[in-house]
Each structure stands twice: as C-alpha cells, then as structure tokens.
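Asks: Here it is: the structure, laid out below.
The values are calculated or read from the model by the stated rules, or taken from the named source; none is laboratory data. None of the values given here were measured: they were computed from a predicted structure. Positions of Cβ are generated from backbone atoms using ideal geometry, with glycine treated the same way; all protein chains shown enter the neighbour counts. Protein only, heavy atoms only, side chains kept; ligands, DNA and RNA dropped before computing areas. Shrake-Rupley method; radii C 1.70, N 1.55, O 1.52, S 1.80 Å.
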Amino acid sequence: MLKDEIKQLNIGELKELCGKLRARIVELTTKNGGHLSSNLGAVELTVALHYVFDLPRDKVIWDVGHQTYAHKLLTGRDDLMENLRCDGGASGFPSPRESDCDEFITGHSGTSLSLCLGLARARDLKGEDGSIVAVVGDGAFTSGEIYEALNDLGDRPTKLIIVLNDNNMSISRPVGAMSKYFNRLRVNKKFVDFKSGVKKSVSELPFVGTPLVKTLTFTKNKLKDGVVGNKFFERFGLKYYGPYDGHDLSVMTDALEQAKKSNGPVIIHLLTKKGKGLTEAENAPNLYHGISPCDESKSLSMSKAAGDALVALADGHEIAVITAAMADGLHLTEFAKRYPERFFDVAIAEQHAVSLAAGLSKNGVKPYFAVYSTFLQRAFDQVADVAINNLPVTFLIDRAGAVGADGVTHQGIFDLSYLSLIPNMTIASPKDGRELNALIEFSLHFDAPLAIRYAKSYSHDFGSCAEVELGKWEWLIKADTPVTVLAVGKTNELALGLKRASVINARFIRPLDRKLLDELNGVVITVEDNVLHGGFGEAVKNYLYGKNKVINFGHKDEFCDIRDIKKTFVNSGLTTENIQKTIDAELFSLEKSRKV
Ligand SMILES: Cc1ncc(C[n+]2csc(CCOP(=O)(O)OP(=O)(O)O)c2C)c(N)n1
C-alpha cells in the first residue's frame, strides 16, 4: 500500500491497513531490532497524516525520527525495510537519501519545530503554499530547543502544525513540570471518548451527520478550554485542539483537516499508547522502546559496570547522579531506586544537565552526568564552562565509538576530538568494566573536570588492572621489539592478539603519559575508536614529532553510516590483522635499514 492509495480508502479499510502495518513492524523489529513501542503507537497517526497531507509537497518532520517505520512502509520502502537498521537497508531514522518524503536526517531530540519553522519561513518568503507539520512526542517536548522555537514562532507566527504525540512516556516515564501539565490536559480525555461515542452514533445520519459532529466537536473544545483553564500554548500564539484519541482515525483526520485550513500555527494534542496492539509492549513500553535483534549475542555491559560502580560509591559519599532521560540504557535504575533524592532525571535536556552538575559541584556535592557520547555533543558549551570554572564534574560518556545499528546520527566517534579541544579537561577511557570501576573510584577524589568514555559493551575481561594514577598508562605486553602499540579503551581487545609488538593501555587520553612516551624508541602505533582528526593519535603524533615515527589507526574523518560495529571497525582498518600487517611491515623496513 502506498501513501496515495490511502486517500481512496474508507475508515474500515484504513483500520485494516493499520493492522497490517503493525504486524509488519513487529516482524521487522523482531528480526532487526529497533524502536518497537514508539512505532506501534504512531501507526494510526501516520496513516491519518498521509490521508490528509500530500507529501512531499506538504512536509512532515518527525521529532527524533525513531517512530517513522509506518511512514517508511507507506512511502515505497518496504524492500529497504526488510533490512531495517542493517547496511544496505532502511535507516532507523528519517533519511532523504531513501525518499523525498523525508526532509532531514535526524536522530537527536527536540529539533523538529526549529526545522519546520525554517521550512515554513522559506515557504513564505518564496510565496509558496503547503502544510508543514512537526510531529513531536511528549518526551521530545522536554527538549529546550522546542521552547526556543516556540518563543520565536510566537514572535513571528506563520502557518504551521504541531502534532503532539502524547503517549505519557519518554523512553521511561516522562519527568518534569511540562509532563505534569500534559497530565492536566489528559484529564480531559473523557471529552474525547464522549465525542467519539457521539460521532459513532450520529455520523452515519445522511446530510446532518458530519455538520452535527463538527458542531459537537467545537462545543466540546470550548467546554474543554473552560475546564482546563490553562492557555499555555495560546500564549505562544498557537491554537490548541485536543486532546484527541490518537488511535481514532476519523477524529484525527477531522482534526488534521481543520488544522490544514488554518492560516496560523496550530497544535493538535493526540493521546496515544506506546506499544499499541502488542500486549507485552503496551505493558512495558520502556523495555520495548528499543529492542535488539533476537539473535544478538550477549556481551559484557560497560553501562552496567558504571551503574553498579555508582551504587557502590553512593554509600558513604556525597555524590549525585544525573541523566537526561536515559536511565534505562545507562543502567541507572538501581541507583534511582536506592537513592531517589540524589538521582536527577532532567528529561531530554543535556545542556541543563551539565550546568546542573556544575551547580551541584560548586555547592559540595560530587555530580556524575551519565550520557551517551552523541547526545553530549549539544552541551559542548556547557562542558567548556565546567572546565573554565575547573569544577569537579565527572562525565560518564557511554556509547562512545562506533554504535552499530542506530547509524550515522548516533555514532560516538567524535568525543575524544571535541573534548580534547577543551583546556583543563582530563579524559580517560577504560579497557573493560573492572577498569571503568577503578576510574569511577578514582574520580571521587579528583578535584577537576573528568570525562570517562567507554563503549556500550566489551568482550574481554582483562582480569586485573594497574592502580589508577592521573595520566599514567598501563603496560599490557612488554616485548623486546622496536614497535609499541598504544591502545585506547575498547581497542585494547584488538591489540591483545598482536605479535612482535609491545602493547600499552593508554587509559588517559589527556594528559598523555609523557614520561612513558619520552622513553619509547622506535615506531609507535596508536589505536582508537574515534575519528583520527583531533583524537588521541594526533596528540601523540604532535608530541613525538621528530623523535618517533607514529602511525595512527582510527575512524575516517567522515560521517559514518555503517550499521554494524564490527564492520565499522573493518572499514576503518581497526582489526588485529590489519594492525599486525603494519607492525610486520615496519619491522621489515627497520631490519632492512639496519642491514644497509
Ligand atoms: C538529544 C537526545 N537525547 C536523547 C535521545 C534519546 N531518545 C530517543 S527517543 C527518546 C524519547 C522520546 O520520547 P517521545 O518524544 O515521547 O517519543 P516516544 O518514543 O515516546 O514516542 C529519547 C530520550 C535523543 N534521541 N536525543
């Protein structure tokens, strides 16, 4: 079924289509993993949008973009979806490379409204027509950028539709005052249900049915306004409609048709159920927010090691833990349960999280901000402020390096570079969970900004780790050879299999272990799960300039959309075999030059 055929269907047929889309989404995510519950909740909404709007002339921007599977299936991508999140298949997020019905590559929360406002203002400047729709979840509505866009929109309003997809869930339970506000609006759900009930009984009446329903809808909206008595959105110049049942196709299509006719900004509040149609997902939407393919092999979890270390540290120490809506993925739920007063889930607000940590540290509480590498990018400025003020904030940077299936928008391959730019920032990276634990213990008494970055998982337990000392590296293999490999974090696993080379675990990226570097003779090979530009290898090369030959292994300086971690490593030459080849070639040429 394609989007244009949808417009010919009646309500019964549209419902049938929704059932088929749901079944296909379950089938695809079981095979390939993905954002199951968010997508199941957005099926009717997607069908209603395609029923009312005409893409790509009209434009729909999905916030984050993780809920676009039905949209992809309706826009000619069924074949691509067969390999969802795999190389050569559809991305798990919008991608204009796949379809002209996707405007932007997205994946980070809170950008949709700004993007839409830009599209709308360009449309206006060029004297063009067409609807522009932002689909924003209640979780995404906690992102600060949404309010920056609302503020701007309120200043210079234009024709634009916001669909608030409110499933009362972010990845886990949504937090914050805005979420409480949505709860107040949600209380009026009874009007929606009542309206739907009325609609069912009168809409079949010839001639009077539709107008009567419209009048009733209008009356209910007026009534609702009176009851809620809160004009939050109106203060931004938006006309608010809802809340409506986001699984009732006829109610939604009516509301969207009305919105389409409006010349100003409109917000339509839809109530949806995350995981809709699959009992397990409806009952535990957080567990089914992002699922792994069923045959994924289990590896050791760095995130769990971090979560456990924080729980252990909290006993007897004045620490606090902060997350920006990622408690589940970061294994912080146990900490939250045991120490609720010292746990701050600030919603999708990374910038705020960093400054909050700055405030806590200034007033004597040691803060740990646990965050995915890719999402810390938007708080670069706040991280720099922490460093300017030399505050003892510890950043636990998870999902660093190649991330696999989430693809180009989620790669954590830039953090060593962007953090290395910031003066006064100490950066460390552990090779396994044991060393992560040791670094977190070390951080407790470290009186300055510290970033500890690590991949989601590791596959080798090194068994022991040398005591952590600031800027001191760890010898893993001391061999009688003129080649030394300096490995960062996860890449120590690759270096272990090497022959005819010494191996050092470069656990601090900043400061470098200069004393050790000064002692090294011969060829130095650096290995890191980060782009080469601005990373660890470059810093070593600069330091050893004129003294040692330095060869760097790392990711290419490009956006990387490879959806598999191993393949990403292979693509970057980050394999034991490839590094071994370089070692052997260097040994050969050293030998040759000695003979000459
Ligand atoms: C800046 C940023 N931080 C964190 C995330 C991770 N993330 C992806 S979806 C999501 C929850 C979004 O909730 P909502 O908008 O309500 O969508 P739902 O999945 O509930 O439909 C989060 C926190 C992100 N994509 N971007």
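Asks: Shape verdict for region 258-387, please, from the Cα gyration tensor: rounded (a/c under 1.5), prolate (a/b greater than b/c) or oblate.
Replies: Working: a/c = 2.17, a/b = 1.29, b/c = 1.68.
Oblate, because a/c is 1.5 or more while a/b does not exceed b/c.
Asks: Sticking with this one: Against the longest alpha carbon principal axis of the chain, how many degrees, from 0 to 90 and to the nearest 10, is the axis of helix 11-32 turned?
Replies: 10
Asks: Any idea how far apart L125 and K180 come out in nm if each label point goes 7 Å out from Cα toward Cβ?
Replies: The answer from the label model is 4.1 nm.
Asks: Still on this structure, I have one more. Rounded, prolate or oblate for region 535-592? Axes are the square roots of the Cα gyration tensor eigenvalues, ordered a ≥ b ≥ c, and the cut-off for rounded is a/c under 1.5.
Replies: Cα axes put region 535-592 in the oblate bin.
Asks: Right, something else. Suppose accessible area is computed on protein heavy atoms with a 1.4 Å probe; arrange F104, F442 from highest to lowest.
Replies: Order by accessible area, largest first: F104, F442.
Asks: Using a 1.4 angstrom probe, figure out how much accessible area the chain has per residue, in square angstrom, rounded to the nearest whole.
Replies: 42
Asks: Near H289, within a Cβ-to-Cβ distance under 14 Å, what is the net charge of the other residues, with Lys and Arg +1 and Asp and Glu -1?
Replies: -1
Asks: Which distance in nm do the two modelled labels at K547 and E13 give, with both placed 7 Å along the Cα-to-Cβ direction?
Replies: 7.6
Asks: Whenever you get a sec, compute what percent of the accessible area on the chain sits on carbon and sulfur atoms (1.4 Å probe).
Replies: 54
Asks: Check which residues have an amide H placed less than 5 Å from G137's amide H, if you skip close sequence neighbours.
Replies: Distant-sequence amide H within range of G137: D63, N165.
Asks: Taking square-rooted eigenvalues a ≥ b ≥ c of the alpha carbon gyration tensor, is region 300-588 rounded, prolate or oblate, where a/c under 1.5 means rounded and, failing that, a/b exceeding b/c means prolate?
Replies: Values: a/c = 1.80, a/b = 1.64, b/c = 1.10.
Taking the square roots of the gyration eigenvalues as a ≥ b ≥ c, region 300-588 is prolate.
Asks: Right, next: Can you list the HN-Hα couplings for region 383-398, worked out from phi with the Karplus curve (6.51, -1.76, 1.60; θ = phi - 60°), rounded to whole Hz and with x for Gly and Pro?
Replies: Here the 3J(HN,Hα) series is 5, 4, 5, 4, 6, 4, 8, 6, 8, x, 8, 9, 9, 9, 9, 8 Hz.
Asks: Let me ask another. Quick one: accessible surface of C465, probe radius 1.4 Å, all protein chains present, in square angstrom to the nearest 10.
Replies: 40
Asks: Picking from I25, N389, V136, whose Cα lies most toward the positive end of the charge dipole for the chain (charges on Cβ: Lys, Arg +1; Asp, Glu -1)?
Replies: Farthest towards the positive pole: V136.
Asks: Before rounding to the nearest 500, sum -39500 (n - 2.57) across all DSSP H runs of length at least 4 in the chain and divide by the residue total; then give [θ] at 222 nm in deg cm²/dmol.
Replies: -12500 deg cm²/dmol, from helical runs alone.
Asks: Among bridges DSSP assigns within region 432-547, what percent are antiparallel (round to 5)? Numbers along the way, then the final one.
Replies: Details: 3 of 12 bridges.
Counting DSSP beta bridges with both partners in region 432-547, the antiparallel share is about 25 percent.
Asks: Can you sort R594, R507, R121 by solvent-accessible area, 1.4 Å probe, largest first?
Replies: Listed by decreasing accessible area, they come as R594, R121, R507.
Asks: Suppose every Lys and Arg Cβ carries +1 and every Asp and Glu Cβ carries -1, with no other charges. What dipole size does region 133-176 come out with about its Cα centre, to the nearest 20 debye?
Replies: Charge dipole, region 133-176, about its Cα centre: 120 debye, nearest 20.
Asks: Rounded to whole Hz and in sequence order, give me ³J(HN,Hα) for region 581-596 from the Karplus expression 6.51 cos²θ - 1.76 cosθ + 1.60, θ = phi - 60°, writing x for Gly and Pro.
Replies: So the Karplus estimates, Gly and Pro as x, are 4, 5, 4, 5, 5, 5, 4, 4, 6, 5, 4, 4, 5, 5, 6, 5 Hz.
Asks: Give me the dipole magnitude in Debye, nearest 20, for region 300-588 about the Cα centre, with unit charges on the beta carbon: positive for Lys and Arg, negative for Asp and Glu.
Replies: 380
Asks: Name the residues whose placed amide hydrogens come within less than 5 Å of the amide hydrogen of D345, ignoring near sequence neighbours (fewer than 5 apart) on the same chain.
Replies: Counting only residues 5 or more places away or on other chains, the set is T323.
Asks: Relative contact order for the chain: what is it in percent, counting Cα pairs under 8 Å that are at least 6 residues apart?
Replies: Relative CO of the chain lands at 12 percent.
Asks: Once phi is turned into ³J(HN,Hα) by the Karplus curve 6.51 cos²θ - 1.76 cosθ + 1.60 with θ = phi - 60°, what whole-Hz value does each residue of region 484-500 show in order, with x for glycine and proline?
Replies: Values per residue, Gly and Pro as x: 10, 9, 9, 10, 10, x, 4, 6, 4, 4, 5, 6, 4, x, 7, 10, 6 Hz.
Asks: Additional query: Putting +1 on Lys and Arg Cβ atoms and -1 on Asp and Glu Cβ atoms, find which of V163, I583, G537 reaches farthest to the positive end of the dipole of the chain.
Replies: V163
Asks: I've got another one for you. Be a star and scan region 458-479 for residues whose amide nitrogen sits under 16 Å from the point 7 Å along the Cα-to-Cβ vector of R514.
Replies: Within reach of a label on R514, which here means backbone N under 16 Å from a point 7 Å along Cα→Cβ, region 458-479 contributes 470-473.
Asks: In degrees, nearest 10, range 0 to 90: what is the angle between the Cα axis of helix 302-314 and the longest Cα principal axis of the chain?
Replies: 90
Asks: Would you mind checking the pairs K7/K261; K20/K276; K31/K72; K72/K567; K456/K566 and listing those with alpha carbons more than 22 angstrom apart?
Replies: On the way: K7/K261 18 Å; K20/K276 13 Å; K31/K72 17 Å; K72/K567 25 Å; K456/K566 14 Å.
With Cα atoms farther than 22 Å apart: K72/K567.
Asks: Scan around T111 for amide H atoms under 5 Å from its own, H built in the peptide plane at 1.01 Å from N, and keep only partners 5 or more places away or cross-chain.
Replies: V64
Asks: Still on this model: Given the Cα-Cα distance of H445 and E234 and 0.36 nm per residue of separation, how much length would full extension add, in nm?
Replies: 71.0 nm
Asks: For helix 209-228, report the angle its Cα long axis makes with the longest principal axis of the Cα atoms of the chain; keep it between 0 and 90° and round to the nearest 10°.
Replies: Once rounded, the angle reads 60 degrees.
Asks: Additional query: Quick check on the chain: of the DSSP beta bridges with both residues there, what percent are antiparallel, nearest 5%?
Replies: In the chain, DSSP labels about 15 percent of beta bridges as antiparallel.
Asks: Ok, one more. Per 0.36 nm of contour for each residue apart, how much would the distance between D557 and K304 grow if the chain were fully extended, relative to their Cα-Cα spacing?
Replies: 88.0 nm
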